[in-house]
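**Q** Sending over a structure as structure tokens; questions will come in a sec.
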Amino acid sequence: MDIKAYIILSLALFTIGIVGVLVRRNAIIIFMCVELMLNAVNLLLVAFSKMHAMSGVAKASPYFASDAQVFVFFIMVVAAAEVSVGLAIIVMMYRNVHTVDVNFLNRLKN
Amino acid sequence: MNAIILTAIWGVIMMFGGVFIKSKTAPRFVAITGMLIVLSSSIIELLTKKSFFNFDHNNMLHTDGFNLTFIAIVMTCTLIYFLLTGTEIEKVGSHVGEYFALIFFILCGISIAATFNTLLMLFIGIEIISIPLYILTGSDKRNLKSNEAALKYFLMGAFSTGIMLMGIAFIYGGNPNASFYIDKIQIGLGHMPVLIAAGLLFIMVSMSFKVSAAPFHFWTPDVYDGAPTVFTSFMSSVVKVAGFFAFLRLFELSFGIVHEQWQYLIAFITVATLVIGNITAVFQQSVKRMLAYSSIAQAGFMLLAIFALNAKAKEGILLYSAAYSLASIGIFGILTKMEDYTIDGFNGLGKENPLMAFAATVFLLSLTGIPLTAGFQSKFFMLMAAVDNGHQFWLVIVAVIFAAISAYYYFRVIQAIYFKESDRNVVVANAVNPFFNYMLIVIIALIVIIGIYPEIVIGWMYR
């Protein structure tokens, strides 16, 4: 399949993520949108990896096109670490104010 | 290499130490011991250019005089930070060992971000810096401001990480070498592939987020204000300069060849950062919030190094790291002792505690960039780098004007310290032990010495 289709799909997912972060007010949904952005990147990296492997340019170079697939595992691990910290922060906030609405976060403005 | 391994090991030791040691003061001494070990081993590595640990990392990390000097500066500043404000860390909460452990992990991330040779290591390094910082920001669990700061910082940090990853993916896609190594990114002169151009923009935006450059600075004042003051001190000094170092290293080694194409963007970000940071700082009533805006303003000066991207800029960023970290750690250390964080809270400090007042004055003068302090030399080197660059001379003029404006809000605090009477009984709330005073004298001495002989910082680079 053409690489353009993958680029368009992952950019669409990425944009949905960005719009979600900017528009939604629920901390957990914002968080899910961030995860969506990371997964769009994962998809794009795997697609590019396959593209480089098929193009033959990578065969000539000493660097393997599978680097990107290893990168995807790193992104997953880091995202998992981020989830554990992020959910802890959201739970901590919920315990104190009994809501996860980010509109509630205006104490620091003044 | 030494710094990466030893900080990671010491972080784990501190973490398990927190389980077994019930004493509240012991973790501080363990941490200071660890910091001494890390500092001495990184200086040994700087002098001998050999690491204690030899393993095959497939050239993913690269050490040279420049980044080893930077790591030594960071470790020195952190040691001073531990010695000066270690007692304040103990007051934040009940898990003292873990706070120190997280700081060691951040140092590990800084060492990776300073020596990375692939985009993978850049990403890992930045994340190892960020994730413990989210925890430290929210460490004051009962305080709503701390919660809010942590959530904001976390959401913004994760968002900018996503943008950075998208940039990395684009650069990988556009790179015919199919490699993440920063020196293997094939750009080609004149005509840049659209994927690489998009990737460059994404990475520039996300790095600007991380170093709080305008127009991506909006999280900074809230986070710096809400976090416990001791951790704000660390965040705004060591972590910030580490972000700049990674920024400079990435843009020099991988995009240096198309420097003239993105130079205008950096010039725009620099001017916006200087304008927004300085002008907003003028209107702040709280010293903590004023220092948050001033850190944005200082970021504008550090961006000049990325704008110039020459040998002087590399010397300048080392000098700026040392000067800015020392002054920032010092002034925040004094702030932790204050009863009231507003500017009026500093009224009458000169009478009550002359040494602390003098130290605060020196730190603020250094942040302003008055001659004989390290801040002057670092700003001077940055401006010299920008002049050497040869293009965009107006940027230097703008920077000088805003350096002059910054004097207003720094001097307002000095004025409160010496020329105003206090209407309250105590200006300094927390007990000041003699050791704190000795450390203040040490920092003053370092600032003045670097201000007179900047070679003692820069010279290490060429050793």
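**Q** Which one of these does B:D140 not meet: (1) closer than 17 Å to A:L22 by Cα; (2) more than 8 Å from every other protein chain (Cβ to nearest Cβ)?
**A** Among (1) closer than 17 Å to A:L22 by Cα; (2) more than 8 Å from every other protein chain (Cβ to nearest Cβ), the lone unmet condition for B:D140 is (1).
**Q** Determine whether B:K50 is within 21 Å of B:F234 (Cβ to Cβ) and outside any helix (DSSP H, G or I).
**A** In short, no.
**Q** Give, as residue ranges, the helices (runs of 4 or more DSSP H) completely inside the range B:338-405 that count at least 3 residues that are under 20 Å from B:T229 (Cβ atoms) and not polar (S, T, N, Q).
**A** Helices (runs of 4 or more DSSP H) meeting the threshold: B:354-368.
**Q** Residue check, B:T25 against (1) among the hydroxyl-bearing types (S, T, Y); (2) under 21 Å from B:L335 (Cα atoms); (3) out of contact with any Ser or Thr (no Cβ under 8 Å at 6 or more places or on another chain), all met but one. Which one?
**A** Failing condition for B:T25: (2).
**Q** Just one of B:L102, B:L122 is closer than 26 Å to A:Y94 by Cβ, hydrophobic (A, V, I, L, M, F, W, C) and part of a helix (DSSP H, G or I); which is it?
**A** Selected residue: B:L102, the only one of B:L102, B:L122 that is closer than 26 Å to A:Y94 by Cβ, hydrophobic (A, V, I, L, M, F, W, C) and part of a helix (DSSP H, G or I).
**Q** Across the range B:149-177, what is the total count of residues that are modelled with pLDDT under 90 and either farther than 22 Å from A:I8 by Cβ or touching an Asp or Glu at 6+ places or on another chain (Cβ under 7 Å) (or both)?
**A** Of the residues in that region, 1 qualify.
**Q** Quick check on B:Q284: is it closer than 15 Å to B:S406 by Cβ, under 14 Å from the mean Cα position of the chain (by Cα) and either at pLDDT below 95 or of a type in the set (S, T, N, Q) (or both)?
**A** no
**Q** Any chance the range B:116-130 includes a residue that's crowded, with 23+ Cβ neighbours inside 10 Å and closer than 17 Å to B:T232 by Cα?
**A** So far as the range B:116-130 goes, yes, one or more of its residues are crowded, with 23+ Cβ neighbours inside 10 Å and closer than 17 Å to B:T232 by Cα.
**Q** Collect the residues in the range B:45-60 that are out of contact with any Phe, Trp or Tyr (no Cβ under 7 Å at 6 or more places or on another chain) and more than 19 Å from B:F104 (Cβ to Cβ), keeping them in residue-number order.
**A** Once the filter is applied, which keeps residues that are out of contact with any Phe, Trp or Tyr (no Cβ under 7 Å at 6 or more places or on another chain) and more than 19 Å from B:F104 (Cβ to Cβ), the range B:45-60 yields B:L47, B:T48, B:K49, B:K50, B:N54, B:F55, B:D56, B:H57, B:N58, B:N59, B:M60.
**Q** Take the residues of the range B:160-197 that are closer than 20 Å to A:M54 by Cβ and surrounded by fewer than 22 Cβ atoms within 10 Å (Cβ to Cβ): which is farthest from the other protein chains (Cβ to nearest Cβ)?
**A** B:P193
**Q** Same structure again: Say whether the condition of being under 23 Å from B:G333 (Cα atoms) and assigned to a helix (DSSP H, G or I) is met by at least one residue in the range B:56-71.
**A** Yes, some residue in the range B:56-71 is under 23 Å from B:G333 (Cα atoms) and assigned to a helix (DSSP H, G or I).
**Q** Could you list, in sequence order, the residues of the range A:1-27 that are within 11 Å of chain B (Cβ to nearest Cβ) and among the β-branched types (V, I, T)?
**A** A:I3, A:I7, A:T15, A:I18, A:V21
**Q** Another question, if that's okay. What are the residue pairs meeting all of these: first residue in the range B:70-97, first residue in contact (Cβ under 8 Å) with a residue 60 or more places away in the chain, second residue of a type in the set (D, E), Cβ atoms under 8 Å, and 6 or more apart or on different chains?
**A** These pairs meet every condition: B:V92/B:D140; B:V96/B:E90.
**Q** Filter the range B:217-250 for residues that are among the aromatic types (F, W, Y) and crowded, with 22+ Cβ neighbours inside 10 Å and give the result.
**A** B:Y224, B:F231, B:F234, B:F244, B:F245, B:F247
**Q** Also, I was wondering about something else. Kindly list, by first and then second residue, each pair from a residue in the range B:19-30 that is modelled with pLDDT under 90 to a residue that is loosely packed, with under 12 Cβ neighbours inside 10 Å and not small (G, A, S), limited to pairs with Cβ atoms under 9 Å and residues at least 6 apart or on different chains.
**A** Correct list of pairs: empty, since none qualify.
Residues checked against (1) touching a Lys or Arg at 6+ places or on another chain (Cβ under 7 Å); (2) touching a residue at least 40 places away in the same chain (Cβ under 8 Å); (3) acidic (D, E); (4) farther than 19 Å from B:K420 by Cβ:
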position	(1), (2), (3), (4)
B:A322	no, yes, no, yes
B:I331	no, yes, no, no
B:K337	no, yes, no, no
B:T342	no, yes, no, no
B:N347	yes, yes, no, no
B:A359	no, yes, no, no
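**Q** Quick one: would you say B:T33 is under 17 Å from B:M15 (Cβ atoms), polar (S, T, N, Q) and assigned to a helix (DSSP H, G or I)?
**A** Here the answer is yes, as B:T33 does meet what is asked.
The values are calculated or read from the model by the stated rules, or taken from the named source; none is laboratory data. Note that the coordinates shown come from a computational prediction; the quantities given were computed from them, not determined experimentally. Note that we place each Cβ from the backbone using ideal geometry, even for glycine, and neighbour counts take in every protein chain shown.
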